[in-house]
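*Asks:* Could you have a look at this structure, given as structure tokens, before my questions?
The values are calculated or read from the model by the stated rules, or taken from the named source; none is laboratory data. Remember, predicted model here, so these are calculated numbers, not experimental data. Because the Cβ atoms are built from the backbone with ideal geometry, glycine has one as well, and the counts that use them run over all protein chains shown.
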Amino acid sequence: LFGFGFMMKKWVEGRLFSTFTAGVIAVCVLLFYSLLPYFSHSGKVTMLDIGQGDCFVVELPYRRGVMIVDAGGPPVFSKDKNKTVEQIIAPYLKSRGIQSIDGIFVSHKDIDHSGSVQAMVETFRVSKLFVSDYYEADEKGVEIVRVRPGDRILIANHSFRVLYPKGDSGNPNDNSLVIWSEIGGLTWLFTGDISTENEEELMESYPGIQADVLKVAHHGSDTSSSEEWVEWLKPRINLISAGRDNRYGHPHGEVTQRLEKYGSLYVTKDHGAVQYTFSGSSGTFSTYLPYNASRE
């Protein structure tokens with residue numbers, strides 16, 4: 001900003017050489033910051049605070065790949081269907097210099113998980129949309145890839161393992177795509193909106209699965225996160241995306257108490273966006289001002 005102001009001052013004064021020099025310096029500074037992620041050995045996983053919905057951004061080191069897990073939309077009563085993209089998701093991605101997204105994993109069709117997907121496709125260069133066999137895909141302008149349990153999705157040699165769903169339950173929540181990955185020395189489990197019945201199936205199918213970080217299912221609803229599930233996983237970090245004063249009462253008290261027995265709990269309505277910055281196999285968690293609180 002200073003460089004641009006200095007350039008305009010010299011232009012008004014008619015000192016064209018100084019104007020050109022200031023312009024070159026300003027462009028070089030902007031170029032340096034835009035290229036910085038491509039030389040950075042650190043990566044990030046960010047749970048964006050979008051209110052009542054899910055949106056996780058995974059950035060691999062050296063900008064080798066950018067993936068998004070779910071892209072929730074605005075509240076159902078909102079007239080602006082692109083509000084979440086325009087006010088939260090896109091500004092964050094652009095602040096990070098992100099123009100291209102290698103893949104968006106959409107757990108299921110509910111608006112609070114998929115409502116911003118089409119707007120994302122129209123705003124950014126999105127290579128692929130990964131969905132289950134039971135996702136009613138109507139997005140345009142992007143390649144739809146249907147994945148099944150056992151599939152391993154490789155993006156820049158980074159693996160995402162698909163665990164669920166195995167069959168059509170007839171319920172979008174129970175048909176949620178569940179994916180597992182190892183990121184920054186921690187194991188991560190993204191669970192969409194699965195219920196306790198689905199958790200039982202996962203425990204039976206994957207007895208050796210581990211999750212240091214759990215994306216808590218269904219925004220902390222008591223229809224998920226059973227005592228057996230939490231005790232089985234023993235997650236060290238629990239992440240819940242939920243809007244302040246949401247009409248569902250998420251997260252439910254018994255669930256948060258259950259989770260806090262085993263590890264730390266971060267909820268967007270209280271902590272804002274939560275970010276894990278890592279290098280190699282170690283990293284740190286940070287929190288940011290809640291979206292709702294910043295607008296009070």
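*Asks:* Go through region 71-84 and report how many residues are under 22 Å from GLN99 (Cβ atoms), surrounded by fewer than 21 Cβ atoms within 10 Å (Cβ to Cβ) and not charged (D, E, K, R).
*Replies:* 1
*Asks:* Cβ contacts < 8 Å: first residue in a loop (DSSP other than H, G, I, E, B), restricted to region 52-63; second residue of a type outside the set (A, V, I, L, M, F, W, C) and surrounded by fewer than 23 Cβ atoms within 10 Å (Cβ to Cβ), any location; separation 6+ or different chain. Result?
*Replies:* Close Cβ pairs (under 8 Å, with a partner that is of a type outside the set (A, V, I, L, M, F, W, C) and surrounded by fewer than 23 Cβ atoms within 10 Å (Cβ to Cβ)) amount to GLN52/PRO75; GLN52/GLY243; GLN52/ASN246; GLN52/TYR248; GLN52/HIS250; GLY53/GLY243; LEU60/HIS158.
*Asks:* Then there is this: Given the structure, is LEU154 in a strand (DSSP E or B) and surrounded by fewer than 17 Cβ atoms within 10 Å (Cβ to Cβ)?
*Replies:* So LEU154 fits the description; yes.
This table checks each residue for (1) modelled with pLDDT under 95; (2) hydrophobic (A, V, I, L, M, F, W, C); (3) buried (at least 16 other Cβ atoms within 10 Å of the Cβ); (4) touching a Ser or Thr at 6+ places or on another chain (Cβ under 9 Å).
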{"site": "LEU129", "(1), (2), (3), (4)": "no, yes, yes, no"}
{"site": "TYR135", "(1), (2), (3), (4)": "no, no, yes, yes"}
{"site": "GLY141", "(1), (2), (3), (4)": "no, no, no, no"}
{"site": "GLY150", "(1), (2), (3), (4)": "no, no, no, no"}
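*Asks:* With the structure loaded, tell me whether GLY150 is over 20 Å from GLY65 (Cβ atoms) and either touching a residue at least 60 places away in the same chain (Cβ under 8 Å) or of a type in the set (A, V, I, L, M, F, W, C) (or both) or whether it fails that test.
*Replies:* No: the conditions fail for GLY150.
*Asks:* Might you check whether a residue that is over 27 Å from GLN210 (Cα atoms) and not in a loop (DSSP other than H, G, I, E, B) occurs anywhere in region 72-82?
*Replies:* No.
*Asks:* List, please: which pairs have Cβ atoms under 9 Å, are six or more places apart or on different chains, and start with a residue in region 92-106 that is in contact (Cβ under 8 Å) with a residue 24 or more places away in the chain and more than 27 Å from LEU289 (Cβ to Cβ) and end with one that is surrounded by fewer than 21 Cβ atoms within 10 Å (Cβ to Cβ) and among the polar types (S, T, N, Q)?
*Replies:* SER100/SER127; ASP102/SER127; GLY103/SER127
*Asks:* Could you check how many residues of region 213-259 are in contact with a Ser or Thr (Cβ under 9 Å, 6 or more places away or on another chain) and on the phi > 0 side of the Ramachandran plot?
*Replies:* Count: 5.
*Asks:* Moving on to the next point. Give just the number: which of (1) surrounded by fewer than 21 Cβ atoms within 10 Å (Cβ to Cβ); (2) among the hydrophobic types (A, V, I, L, M, F, W, C); (3) modelled with pLDDT of 60 or more does ILE68 not satisfy?
*Replies:* Status for ILE68: all satisfied but (1).
*Asks:* Look through region 254-273, keep the residues that are of a type in the set (Lys, Arg) and more than 19 Å from the chain's Cα centre (by Cα), and return whichever of them is surrounded by the most Cβ atoms within 10 Å (Cβ to Cβ).
*Replies:* Ranking the candidates gives ARG258 first.
*Asks:* Only one of these is farther than 25 Å from ILE68 by Cα and among the hydroxyl-bearing types (Ser, Thr, Tyr): SER226, SER181. Name it.
*Replies:* When all the criteria are applied, what remains is SER226.
*Asks:* Let me ask something else about it. Being buried (at least 24 other Cβ atoms within 10 Å of the Cβ) and among the hydroxyl-bearing types (Ser, Thr, Tyr) is the filter here; which residues of region 182-219 pass it?
*Replies:* THR191
*Asks:* Out of all the residues in region 84-106, which are touching a Ser or Thr at 6+ places or on another chain (Cβ under 7 Å), among the β-branched types (Val, Ile, Thr) and in a helix (DSSP H, G or I)?
*Replies:* Passing the criteria: THR84, VAL85, ILE89.
*Asks:* Given the conditions (1) under 22 Å from SER181 (Cβ atoms); (2) buried (at least 17 other Cβ atoms within 10 Å of the Cβ); (3) touching a helix residue (DSSP H, G or I) at 6+ places or on another chain (Cβ under 9 Å), which single one is not true for PRO251?
*Replies:* (1)
*Asks:* Would you confirm whether or not region 79-88 contains a residue that is modelled with pLDDT of 85 or more, more than 29 Å from HIS252 (Cα to Cα), out of contact with any Asp or Glu (no Cβ under 9 Å at 6 or more places or on another chain) and assigned by TED's automatic domain parsing to the domain that holds HIS252?
*Replies:* No, the conditions are met nowhere in region 79-88.
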